[in-house]
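Below: one structure, written as structure tokens.
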Amino acid sequence: MSVFPAILIGLAMGIVFGFAFEKARVFEPGMIVGQMQFHNFTMLKVFLTAVATGAVVLAVLHGFGLIKLAPKPTFYAADIIGGLVLGAGITLAGACPGTILAQIGAGYRDAIFTLIGGLAGAVAFSYAEPALTPLLFTGGPGKITFMDLTGVSYPVLALGLAAVLVVALVLLERWRPWRADLGADVDGDFGPAEATPSANVTRLKPAE
Amino acid sequence: MQACSLRAKAWSPYVAGIVIGLLQVPAFLLINTALGASSSYVTVGGTIAALFDPAITQIDYVAKHVAPTGKNWWQVALVVGVALGAFVSMRLSGARRKAISPIWGRALGTANPLVRYGVAFGAGFLMLFGARIADGCTSGHGLSGMAQMAVSSTLAVAFMFAGGIATAFLVLRRI
């Protein structure tokens, strides 16, 4: 596709994406840090629901022969080291590379610094990439998937994954209703009054 | 509470997650790619860096990402759209945010905004450096790669949570 229509489609899809991030509150630092400290499960719920939905729609599209899958190649050291560093950054930012932009749109000023840091990190990696390639991005088993490992077809595995995730989410929701994780200002903040000027912070009553 | 009104401050995470997952349909059918976000930082960062150091485009990795292709600039438009969508949603619901989330004062042990800005810059740097090493982020590996049953993505996401959890307990204070 040429650049101009692709940009229009990207903008339209991004607006929906950002709208969903904001309504889910998953762009809130309180939700991300809370998730990583195991007392807020909003991020996991949004993430696993989106994975399950994606698996179902891709299984259908693939089943009808409408799409080709594009799994990324496996490089064990790169996936492990990159994942660890990415995760550390996500916790300290209280955001993912995509939700930084939602933070900026919603009005968090520190997210502008996260964005600039992210651009700097991407440029630093670009300069390092030729030197890192022989260390991290060589060899490996290639674009392997769980279909290769199990011999089961993609639609069956993807629908199976979605089914397992739905059961896990039902149990998670029963154990911990989503509204309990919102907080008074829908930001996942349940802190002491000194940190929040609006002191009436109750755990089970989200502002609506 | 109206569950999914455009003016609501919060939707069920399941409704929002389904909306996000459905975005794979136009991504695959129209752009022939999967949802992702972190490549766009190379496209934008590389384009800006080339103004100061034109030689950066001689690195194949950069040349590939800054090229005027639909896929490259679709993703840049996607993340710009994320900011617009979040802004519109926030204005409709009135869920205005403070300059800095109140959790950071407790997590970092100081309310000094300069400390938060410095940490945010470093966090962004780590996030994108790590995402580019892993060749994907929470979107590209997490949403898209796991839904495609890729081994690389499952591994990267497992270690992403491991790194995130370790940092949350070892570096930050409990919020």
Filter result (open to solvent by 20 Å² or more (accessible area, probe 1.4 Å), assigned to a helix (DSSP H, G or I) and more than 7 Å from chain A (Cβ to nearest Cβ)) within the range B:59-70: B:ASP60, B:ALA63, B:LYS64, B:VAL66
Answer yes or no as to whether B:SER144 is open to solvent by less than 20 Å² (accessible area, probe 1.4 Å), over 20 Å from A:ALA77 (Cβ atoms) and in a loop (DSSP other than H, G, I, E, B). no
Criterion violated by B:GLN148 - all others in (1) within 7 Å of another protein chain (Cβ to nearest Cβ); (2) farther than 19 Å from A:VAL26 by Cβ; (3) free of Cβ contacts under 8 Å to residues at least 60 places away in the same chain satisfied: (3)
Looking for whichever is of a type outside the set (A, V, I, L, M) and open to solvent by less than 30 Å² (accessible area, probe 1.4 Å) here; the options are A:THR133, A:THR138, A:THR150, A:THR99. Which one fits? A:THR99
When you scan the range A:117-126, do you find a residue that is in contact with a Pro (Cβ under 7 Å, 6 or more places away or on another chain) and facing another protein chain (nearest Cβ under 7 Å), even just one? yes
For the range A:175-191, give me each residue that is in a helix (DSSP H, G or I) and either in contact (Cβ under 8 Å) with a residue 40 or more places away in the chain or closer than 19 Å to B:ILE18 by Cα (or both). A:TRP178, A:ARG179, A:ASP181
From the options B:ALA158, B:ALA162, B:ALA166, B:ALA123, residue that is surrounded by 23 or more Cβ atoms within 10 Å (Cβ to Cβ) and of a type outside the set (Phe, Trp, Tyr): B:ALA123
Kindly indicate the residue of the range A:80-96 that is open to solvent by less than 10 Å² (accessible area, probe 1.4 Å) and touching a Phe, Trp or Tyr at 6+ places or on another chain (Cβ under 7 Å) and also farthest from the other protein chains (Cβ to nearest Cβ) among those meeting that condition. A:ALA95
Let me confirm something: among B:ILE133, B:ILE100, which residue is closer than 18 Å to A:ASP189 by Cα, of a type in the set (A, V, I, L, M, F, W, C) and facing another protein chain (nearest Cβ under 7 Å)? B:ILE100
What's the number of the condition A:VAL46 fails, among (1) crowded, with 19+ Cβ neighbours inside 10 Å; (2) farther than 28 Å from B:ALA166 by Cβ; (3) out of contact with any strand residue (DSSP E or B) (no Cβ under 8 Å at 6 or more places or on another chain); (4) facing chain B (nearest Cβ under 7 Å)? (2)
If you go through the range B:87-110 one residue at a time, do you hit one that is within 26 Å of B:GLY46 (Cβ to Cβ) and in contact with a Leu (Cβ under 8 Å, 6 or more places away or on another chain)? no
From the list A:LYS68, A:LYS72, pick out the single residue that is in contact (Cβ under 8 Å) with a residue 24 or more places away in the chain and among the charged types (D, E, K, R). A:LYS72
Would you mention how many residues in the range A:49-65 are facing another protein chain (nearest Cβ under 7 Å) and touching a Phe, Trp or Tyr at 6+ places or on another chain (Cβ under 9 Å)? 4
Output for the range B:145-175, where each listed residue is modelled with pLDDT of 95 or more and in contact with a Pro (Cβ under 9 Å, 6 or more places away or on another chain): B:GLY145, B:GLN148, B:MET149, B:ALA150, B:VAL151, B:SER152, B:SER153
Starting from residues that are touching a residue at least 24 places away in the same chain (Cβ under 8 Å) and part of a helix (DSSP H, G or I), keep the ones in the range B:83-95 and report whichever is surrounded by the most Cβ atoms within 10 Å (Cβ to Cβ). B:SER89
Identify, from the list B:SER38, B:SER5, B:SER12, the residue that is within 7 Å of chain A (Cβ to nearest Cβ) and either surrounded by fewer than 24 Cβ atoms within 10 Å (Cβ to Cβ) or farther than 29 Å from B:GLY130 by Cα (or both). B:SER12
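Okay, residues lined up against (1) outside any loop (DSSP other than H, G, I, E, B); (2) aromatic (Phe, Trp, Tyr); (3) surrounded by fewer than 24 Cβ atoms within 10 Å (Cβ to Cβ):
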position	(1), (2), (3)
A:VAL16	yes, no, yes
A:HIS39	no, no, yes
A:ALA59	yes, no, yes
A:ALA78	yes, no, no
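The values are calculated or read from the model by the stated rules, or taken from the named source; none is laboratory data. This structure is a prediction, so every number in the text was calculated from the model and none was measured. Virtual Cβ from ideal backbone geometry, glycine too; neighbours counted across all protein chains shown. Just so you know, the surface numbers come from the protein's heavy atoms only, side chains and all, with ligands and any DNA or RNA stripped out. Shrake-Rupley method; radii C 1.70, N 1.55, O 1.52, S 1.80 Å.
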